[in-house]
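Everything below concerns the one structure shown next.
No value in this document is a laboratory result; all are computed from the given coordinates. Treat the numbers as computed from the prediction; the structure is a model and nothing was measured. Virtual Cβ from ideal backbone geometry, glycine too; neighbours counted across all protein chains shown.
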Amino acid sequence: MTSLLATVAIPDLLVFLLGALLCLVGAVSILTVKNPVHAALSLVMTLFGIAVLFIELQADFLAAVQIIVYAGAIVVLFLFVIMFLGVDREEDLAVEPIVGQRPLAAVLITALMASIVALGLVGHFEVGPATQTGMLHGGAGNVADLGRSVFTTYLFAFEATAGLLIIAVVGAVVLARRNNPDDHVAESQVEELA
Amino acid sequence: MNHLALPTVSYAALAPILFLLLGGVALMVLSALSRRPLAAGTVTGYSVLIGFGALISALAEYGHVNGAGPSSTVASAIAVDGFSAAIAVTVSVVVILASLLSHGYLRRMQIDAPAYHVLALTSASGAIIMAAANDLVVLFLGLEILSIALYVLAALNRRSAKSEEAALKYFILGGFSSAIFLFGIAFTYGATGSTNLQVITRTLGEGVAAKPGLLLAGLGLLLVGFFFKVAAVPFHLWTPDVYEGAPTPVTGFMAAAAKVGGFAALLRVLLTAMPQLSTNWTPVVYSVAVATLIGGAVLMVVQRDAKRMLAYSSINHAGFLLVGIVAATSAGISADLFYLFTYSVTALATFGIVTMLAGPRDDDAGIDRLSGLARRHPAIGAAMAILLLAQAGVPFTTGFIAKFSVIEAVVGHGSIPLAIIAMASAAVAVFAYLRLVATLYRTEDIATVDLGYDDSLTDGPAAFAIGLSVVVTIFFGIFPAALLDFGRTAVAHLLP
């Protein structure tokens, strides 16, 4: 770890620390704020921090996608659902559905974090920041590189993704469509269960 | 720099995948464009034809590989080898049988037939992609194509709240396991610098084992993802609930397709990409196999519902398949291939019979309900008895040969204790199977149970598929040589 720090230039280190701080503060406040809308906005902060880290790793395109898709579209979707369902007020989080759930979660999360840090210390990385593994293709265009690999190395994965998206759409339509005349049966059953 | 060298694509090798995936998409478009809803019979026939197309192209690929040897295509993202061809054959057979078994059910329950068939066909293509994937990214996409279609299929019975509950449970837990699996891929990539299985094994051969922390974490997370998918103990908790709640023909399809895809990918990743780490993964797979064998068999005995009992039976079968992985020899892999094929056929047909018996609303598969069934409907009773005995591993059925060859492989590898545990668990499971068979042939309750579902008992296509499965189960139980050789040849042409 010391050798890793020694090779990182001071500006890089500062940007990394800033990005990491953004991520962590955002992530912690998602859990601590009471208002679900504020939690969704904290998520934007985390996602923005990840975008900063992507830039630090010279993944400019991913950083842009991160902002547009995640911080933009997905968080808007979250907010939409929160407001649509009318849960934009304080929820009572004091009740624990399972006794001892929270302390256990704290212990497990600490163990998980410790093991991730330990992995960073003892693991061998084949990939890593440019300061470790050298510039990506001499620092040439990110978009061009990605575009090339999508149509060469990852051509099949690219096409399979198209198939996956079709199935996701079909699935959503099948689940959302309710033109079956017998649907009231299902609803009455749900009420019975409740 | 402007010229982009596109990778060469062997469409013949991809044909089984293309048949199922494009067949599903084409059916979707057709059903959307047609003015009137497509007739259920047309859709089932179409689906069976697509299954046959995939089967023939998979057999052709198998024949081609036998002559030309294993290779890879589309920039080595897809393995063209005997193993993937054999799995493609299995999945195609599953598609054909599942289409026939679901036909009457979809009509009775007034479920939109094209929706079921589109999802089943694409889901099956995901299983083949998983088996043929030579790259962890492709493997993950196959896993998701398989899973997402299955989540929706599990929710297809709108009249049952249990079906929706099962789908939600499967979706949430499946989403978590996919995320864990993806973390495993990311860690493995970080440790080896590639997601391609050949490059990974080459990197491991050069020895990154000095500081293997990240690599082992990746391996561990990958294993958790796989164990969830194939329902191994202790990652099985979703299985009984989902199997019970999902529409019964879907349960059968899920039990066959998800297990085939999951085990095929697990075998390929462990034995071709990470054989160097076998000292690390063998103890894990060994202990999970022991837990799965014992857990599946013991919990099966205490079930009061046929679908839940069969869910635990499928968990017990997963234990046997893991035994074949512990063996880690070509004998183990070919035993697993034989096991996957025969298990798929018997499990599908067993769930097909449960579909006939689960009542008009598909909500009651209690074992007591089956009491005395064989006396009222001798043919169905006999078929059920044969299929259950095959699952139990009685001689002259495929189940016996499958269990025997897996245990033979692991004994050859030197793990005698595991072989003994496997046989003991089979003995416990036999008790549960025989109890169900005895219930079928009970005499005292004949008059007391009201039938009221005669409709389902005269389901022609389903009866044909069940009859076919029984014939396959007995024929390959008595003459297994051809099928065993098929598996051995497939493994001999495994892409290294």
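In whole angstrom, note down how far apart the Cα centers of region B:8-53 and region B:98-136 are. Their Cα centres are 11 Å away from one another. Mean sequence separation of contacting Cα pairs (under 8 Å, at least six apart), scaled by the length of chain B, corresponds to a relative contact order of 17 percent.
Its Cα gyration tensor gives region B:8-113 an equivalent ellipsoid; the semi-axes, largest first and in whole Å, are 31, 15, 9.
For chain B, the longest principal axis of the C-alpha atoms and the axis of helix B:40-68 are separated by about 40°.
Remind me, relative contact order of region A:8-90 in percent, using alpha carbon pairs under 8 angstrom and six or more residues apart? Relative contact order, region A:8-90: 32 percent. Seen from B:ALA429, the other residues with C-beta closer than 13 Å to its C-beta sum to a net charge of +2, counting Lys and Arg as +1 and Asp and Glu as -1.
If you average the C-alpha positions of region A:42-91 and of region B:151-183 separately, how far apart do those two centres end up, in angstrom? When both Cα centres are located, 25 Å separates them.
The convex hull drawn around the Cα atoms of region A:8-90, when projected onto a plane and averaged over every direction, covers 5.3 nm².
Its alpha carbons considered, region B:15-493 gives a radius of gyration followed by a Dmax of 21.2, 72 Å.
Given R₀ = 56 Å, FRET efficiency for B:VAL301-A:LEU13 by Cβ-Cβ distance, to 0.05? Could the numbers behind the result be given before it?
Values: r = 61 Å, r/R0 = 1.09.
Efficiency for this residue pair is about 0.40.
Rg and Dmax, both from the Cα atoms of region A:38-82 and both in Å, are 10.8, 35. Taking a sphere under 12 Å around the Cβ of B:THR73 and counting the other residues whose Cβ falls inside, with K and R at +1 and D and E at -1, yields a net charge of -3. Across region B:349-423, Cα pairs under 8 Å and at least six residues apart give a relative contact order of 16 percent.
In units of 2.2 N^0.38 Å, what is the alpha-carbon radius of gyration of the protein assembly as shown?
Numbers: Rg = 25.9 Å, N = 690, 2.2 N^0.38 = 26.4 Å.
Ratio of Rg to 2.2 N^0.38 Å for the protein assembly as shown: 0.98.
Listed by chain and number, the lysines whose C-alpha is less than 24 Å from the C-alpha of B:LYS169, apart from same-chain residues fewer than 8 away, are B:LYS229, B:LYS259, B:LYS307. Helical runs (DSSP H, four residues minimum) scored at -39500 (n - 2.57) apiece and divided by the length of chain B put the mean residue ellipticity at 222 nm at -26000 deg cm²/dmol.
Using the alpha-carbon positions of region B:26-185, Rg (one decimal) and Dmax (whole number) come out as 17.2, 52 Å.
Residues whose amide H lies under 5 Å from that of B:ASP305, counting only those 5 or more places away or on a different chain, are B:ILE367; hydrogens are built 1.01 Å from N in the peptide plane.
Shielding value for A:115-125 is 5, the average number of Cβ atoms from other chains within 10 Å of each residue's Cβ. Of the peptides B:142-153, B:460-471, the order by per-residue mean of other Cβ atoms within 10 Å, starting with the highest, comes out as B:142-153, B:460-471. For the peptides B:126-136, B:320-330, B:192-202, B:7-17, residues were scored by their other Cβ atoms within 10 Å and the scores averaged per peptide; the highest-first order is B:126-136, B:320-330, B:192-202, B:7-17. Once the Cα atoms are used to define both axes, helix B:306-327 deviates from the longest principal axis of chain B by about 30 degrees.
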